[in-house]
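Q: Dumping the structure here so I can ask a few things about it.
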Amino acid sequence: MRFSWHSQSRVFLSDGATLGAADTATCPIPRSVLPDRPLGPALCGAMAAAMVGQNFRIAPTAGPLTQGLGENEFEVLTSGSSGAPRVIRRGQNSWLASFAVNQRLFNLGIGTKVGILGRLSTSLGLYALCEGLSLGADLYLYEGLRPDRQAALILDQGVQILYATPAQLVLIADCAPPLMANLAHLLVGGGRLDPNLAKTLAKLFPNAKILQFYGASETSFITLCDKDTPPNSVGRPYPGVKIVLTSPLGKPVLAGDLGKILVKSSYVALGYTDPTVQGAVWQDGYVSVGEWGRFEGPYLFLEGRATRMVTIADQNVFLEGVEAYLCSLKGVRQAFVLAEPDPKRGHRLRAIVQGNPACEAEVLAALRQEFGPLKAPKRLSFRTDWPLLPSGKVDASALEKTP
């Protein structure tokens, strides 16, 4: 099977144009990477290629496709939040397998109105588009619009399912839009959804099931949160996913113990197009993106990535855990934690924060109470803006330059 453009599926672009399945008939099949702007030609070119099994990739800029891709294979980009985006090789069947699952879980089908906030050069945005087109949905693409305009269109156009990242949803929530009672499912990927933002979204979308996916561009879906998920958990394994936690020596850990997360499913990618790229590891049918976590019953709790673990006074600290706690505090909307060299203790932490500077003393005191005086960030640096990548994720490189 291949991706298809269902005869009843339409795409509504942010400039007011509408595309249908017939528009692929006159679109030349690309022989190189498609730039994601202008959006119409990129979309039609990619689908024209996909429907005949040809290779394609949508990226911010044009360039050559990787040589040696197989039939029905395509390329996607990682988010690049901690460096240059990596190019991933996928088979169409890896996404098609989850289309049927989401169709059942979210009642996604002919006539369903699906909104997409991100660019099609991102894995999340492209996935949502291909899924909706294959299942007969109507797709509304909002990339490039101001958050207040996005919110107005989500309401006016009656969107029922919305794919978004937490950072994109913060921008929408900040513009104080009216309640959007039309939304039935809010599907959140690309980062943790902190409790404060989740409460805000529950008020903004009063009739929506807010469902957060934990996954990666290399693995696709790993777990799924719902209303029964305990606080701070990323949920149960997504249908069809097997998760194994192992020790640094590769041995399975005991129930409740911390371990490296290994994933096996029909949804995972084939690998990087450049085998020398450092990142996820494919081995014996499993994929690891270097993240660590633990199970409490059927629920997975994340600690963070090994690449963002530092040692402070001989104790390991996952920076993501500190960020998640910061975002739960009053006066903090978003947070990013930096580890700086310390000759005595190995590292010291500094937090980049968007929020209310008047709460600084209270926030620092809460951090010391939670993590102790050695592991708690020693100072906060406040920003009024919060730089994002085209993927909708935080631009870590820009935040690291905050004085």
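The values are calculated or read from the model by the stated rules, or taken from the named source; none is laboratory data. This is a predicted model, so every value here is computed, not measured. Here the Cβ is made from the backbone with ideal geometry for all residues, glycine too, and neighbour counts use every protein chain on show.
Q: Report, ordered by the first and then the second residue, all pairs with beta carbons closer than 6 Å, sequence separation of six or more or different chains, a first member in the range 249-263 that is closer than 13 Å to LEU300 by Cβ and in the same structural domain as GLY215 (by TED's automatic domain parsing), and a second member that is surrounded by fewer than 15 Cβ atoms within 10 Å (Cβ to Cβ) and among the β-branched types (Val, Ile, Thr).
A: Listed by first residue and then by second, the contacts come to LEU262/VAL244.
Q: Filter the range 381-396 down to the residues that are in contact (Cβ under 8 Å) with a residue 60 or more places away in the chain and over 17 Å from ALA59 (Cα atoms) and list them by number.
A: TRP386, VAL394, ASP395, ALA396 - these are the residues of the range 381-396 that are in contact (Cβ under 8 Å) with a residue 60 or more places away in the chain and over 17 Å from ALA59 (Cα atoms).
Q: Based on this model, can you work out whether THR18 counts as surrounded by fewer than 17 Cβ atoms within 10 Å (Cβ to Cβ) and either in the same structural domain as SER94 (by TED's automatic domain parsing) or modelled with pLDDT under 95 (or both)?
A: yes
Q: Given the range 50-166, what strands (runs of 3 or more DSSP E) lie entirely inside it while holding 1 or more residues that are more than 20 Å from the chain's Cα centre (by Cα)?
A: Filter on the range 50-166 gives 73-77, 113-116, 138-141.
Q: Got at least one residue in the range 223-234 being modelled with pLDDT of 95 or more and closer than 26 Å to ARG305 by Cα?
A: Yes; the residues of the range 223-234 include at least one that is modelled with pLDDT of 95 or more and closer than 26 Å to ARG305 by Cα.
Q: Let me ask something else. When the residues of the range 92-147 are filtered to those that are of a type in the set (Val, Ile, Thr) and farther than 16 Å from GLN160 by Cβ, which remaining residue is modelled with the highest pLDDT?
A: Among those residues, the one meeting the criterion is VAL101.
Q: Hand me the list of strands (runs of 3 or more DSSP E) wholly inside the range 205-263 holding 2 or more residues that are β-branched (Val, Ile, Thr).
A: Hits in the range 205-263: 220-224, 242-246.
Q: Could you tell me whether any residue of the range 180-195 is basic (Lys, Arg), under 24 Å from ASP395 (Cα atoms) and either touching a residue at least 40 places away in the same chain (Cβ under 8 Å) or part of a strand (DSSP E or B) (or both)?
A: For the range 180-195, residues basic (Lys, Arg), under 24 Å from ASP395 (Cα atoms) and either touching a residue at least 40 places away in the same chain (Cβ under 8 Å) or part of a strand (DSSP E or B) (or both): present.
Q: Now for a separate question. Regarding ALA48, is this residue over 25 Å from ILE154 (Cβ atoms), in contact with a helix residue (DSSP H, G or I) (Cβ under 6 Å, 6 or more places away or on another chain) and not β-branched (Val, Ile, Thr)?
A: For ALA48, the condition - over 25 Å from ILE154 (Cβ atoms), in contact with a helix residue (DSSP H, G or I) (Cβ under 6 Å, 6 or more places away or on another chain) and not β-branched (Val, Ile, Thr) - is met.
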